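The values are calculated or read from the model by the stated rules, or taken from the named source; none is laboratory data. What you see is a predicted model, and the numbers here were worked out from it, not measured in a lab. Here the Cβ positions follow ideal geometry from the backbone for every residue, glycine too, while neighbour counts run over all protein chains shown. Note: accessible area is taken over every heavy atom of the protein model, side chains too, but ligands, DNA and RNA are not part of it. Shrake-Rupley method; radii C 1.70, N 1.55, O 1.52, S 1.80 Å.
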Amino acid sequence: MADPATYRPAPGSIPESPGVYRFRDPGGRVIYVGKAKSLRQRLNSYFADFAGLHPRTQTMLTTAASVDWTVVGTEVEALQLEYSWIKEFDPRFNVKYRDDKSYPYLAVTMGEDFPRVQVMRGAKRKGTRYFGPYSHAWAIRETVDLLLRVFPVRTCSAGVFKRAGQIGRPCLLGYIDKCSAPCVGRVTPDEHRALAEDFCDFMAGNTGRFIKRLEREMREAAAVEEYERAARLRDDIQALQRALEKQTVVLGDDTDCDVIALAEDPLEAAVQVFYVRGGRIRGQRGWVVDKVEEATPGELVEQFLLQMYGEAAIPREILVPARPPDEAALIELLSEQRGSRVDLRVPQRGDKKSLMETVERNAKESLAQHKLRRASDLTTRSLALQEIADALDLDQAPLRIECYDVSHIQGENVVASMVVFEDGLARKSEYRRFSIRTTEGDVASIYEVICRRFKRYLEERAATGELDAETDDAAGHDGAGYDGAEHEGAEHEGAEHEGAEHEGAEHEGAWRGGAATPIDPETGRPRKFAYPPNLVVVDGGPAQAAAAQRALDELGIDDVAVCGLAKRLEEVWLPSDDQPVILPRSSEGLYLLQRVRDEAHRFAITYHRTKRSKSLKESALDQVPGLGPARRQALLRHFGSVKRLREASAEEIREVPGIGRATAEAIVAALRGESPSPAGQGS
């Protein structure tokens, strides 16, 4: 591992001009390419404060052994050179967009003597026109089948085409008029090419002239009483219209644009693009990227545009979710490649904003599906658990992981969540949620919830005879005084947990080597807190991890590992260490810990919102003894709002029918946060 100070450029040797720089490893291989408006300012930022850099940037610097740069004249030239170098060297620390699947295109081989229409995947070929991409190959084939009626272009392979020419008889499509049969000379090469060009024009969005031409020919045929020909033309028009119906109209007829949306988490990002031509969605494509370095949405957009439009056709308008940092230079580069002005816009309202939201939903779904595929693989889960065990120096892989998160807004409606993952998979039947009583901050809340959960675990063990009386008594003096009723309350709250339809007993029995889950003889239900986790994860840094460890120490539990996962830098903190454990960015172990933490956060947020909504619906009037719904409504109708009622005196409140002196005084006391008078209470 290299020390960045050993290859730091000499002071004053770095120019202040725009340029592109390369970091190389000891073998001379390029591992990172970047651009800068000022090379000196950008490169100095890498070496000035190493400790303040993002952990992934630190990893890149310690992997590198040298840095060099190339000066260019403008920012546009820097963008061009950066793209060229990334494509040439494929640096491991640069963001690389890869397809989340192989998308099919509708291709027309205009470079051949007799152009052919076909479905293509993979790298694009010179001399071939592409339309799409499409989400499914069958969607292309349905469209082609409709269009061949009007544009009977060749679709057969080279072997079939040659064979038909040798025997002088066309294939089946030639007999049913869905191919003009150039193989047997029914049309000349020029006539067949004209059909292929018309096919391409229609697919490119120039649809109106073809339908108008067919309608005119249909009327002319009907006028001269050629009704069979008119009927065929009518069917051709309907075929074109059905082909158009398969492409959703979303914007104006003259709108050509690409709509790009992002969905991201700290480790990965998904990108979705909708291709809109002539106001219709002509295709869709998705990418998934590993975020090797910390990047803002604008930076991700810039990197994506450079990689996507390096060779692809550029529309006149591109809708993006965030503006790239070098927007002016990027627009100039894209306009230069297109040969005319390219507009880069962030939609704010109207149809384009609605379409952007649709694309964003697709990006989120794509990221979720990518994570699901990754999490469902048994080998990957086993690798993740082993990586966590190695990183945290555990004796065995943490087959059961519990994660805790605290949620609140400015200390109000504080709640905590507990989620359980066994063998790398969520066990929603084991989820629990807690109403937090302490008001001393997140650290104290973590301490409270860990005490409550593990004191309940000790009680369950005692009930099953796993603890002797002496151990049980010792445990009873710990836990900061959280009594058994509170633990019962925690489990009752959990009775509404997600996945209640699943039976947790079977999962626990399988995990414990086939041992049966203890059954409570009084209720006949499984004891849900009877087993401890191998690893406790808390959402937070060293303070939260230390609080969880302190709670376990006070309860005398020494066989459960603890760590904290800080969201900002995805650092793993151990209670006894001053420095975090940095898992590799591509680590499956880090991915699993992040997924566990995000699930705990989601579950806590859900409970917090439910509790907050409930509290917002409650009124201070609910606490007044003897004041029922009818009289509360009468008070609100009389005064118009709780604010006016709070400003009213007891005498003014007594004017409301049904409100006596004692009740009026109790209302005033409740609304002003005072204790009602003894007399009022007695009355």
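Of all residues in segment 38-64, those being touching a helix residue (DSSP H, G or I) at 6+ places or on another chain (Cβ under 6 Å) and assigned to a loop (DSSP other than H, G, I, E, B) number 0. Among the residues of segment 6-21, those identified as open to solvent by 30 Å² or more (accessible area, probe 1.4 Å) and either under 12 Å from Ala65 (Cβ atoms) or out of contact with any helix residue (DSSP H, G or I) (no Cβ under 8 Å at 6 or more places or on another chain) (or both) are Thr6, Arg8, Ala10, Pro11, Gly12, Ser13. As a summary of the residue check, Gly556 satisfies the conditions (1) at negative phi; (2) surrounded by fewer than 19 Cβ atoms within 10 Å (Cβ to Cβ); (3) at pLDDT 85 or above except for the one numbered (1).
Show the residue pairs meeting these rules: Cβ distance below 9 Å; 6+ apart or different chains; first residue within segment 207-226 and charged (D, E, K, R); second residue loosely packed, with under 14 Cβ neighbours inside 10 Å and in a helix (DSSP H, G or I). Taking only residues 6 or more apart or on different chains, the pairs are Glu226/Glu220. In segment 72-95, the residues that are under 10 Å from Leu306 (Cβ atoms) reach residues that are surrounded by fewer than 16 Cβ atoms within 10 Å (Cβ to Cβ) with C-beta atoms within less than 7 angstrom, at least six apart or across chains, in these pairs: Tyr83/Gly310; Lys87/Gly310.
Scanning segment 575-610 for residues that are over 24 Å from Leu383 (Cβ atoms) and among the small types (Gly, Ala, Ser) gives Ser576, Ala604.
So, of the residues in segment 175-233 that are among the hydroxyl-bearing types (Ser, Thr, Tyr) and open to solvent by less than 60 Å² (accessible area, probe 1.4 Å), which turns out to be nearest to Asp145 (Cα to Cα)?
Here is the first cut: in segment 175-233, the ones among the hydroxyl-bearing types (Ser, Thr, Tyr) are 175, 180, 188, 207, 227.
Those still in the list that are open to solvent by less than 60 Å² (accessible area, probe 1.4 Å) too: 180, 207.
Details: Ser180: 14, Thr207: 17 Å.
The selected residue is Ser180.
Selection of first residues in segment 48-59 that are on the phi > 0 side of the Ramachandran plot and open to solvent by 30 Å² or more (accessible area, probe 1.4 Å) and of second residues that are in a loop (DSSP other than H, G, I, E, B) and not polar (S, T, N, Q), restricted to Cβ pairs under 9 Å at least 6 apart or on distinct chains, gives an empty result. With respect to the conditions (1) part of a helix (DSSP H, G or I); (2) farther than 24 Å from Lys455 by Cβ, Leu552 lacks only one, and its number is (2).
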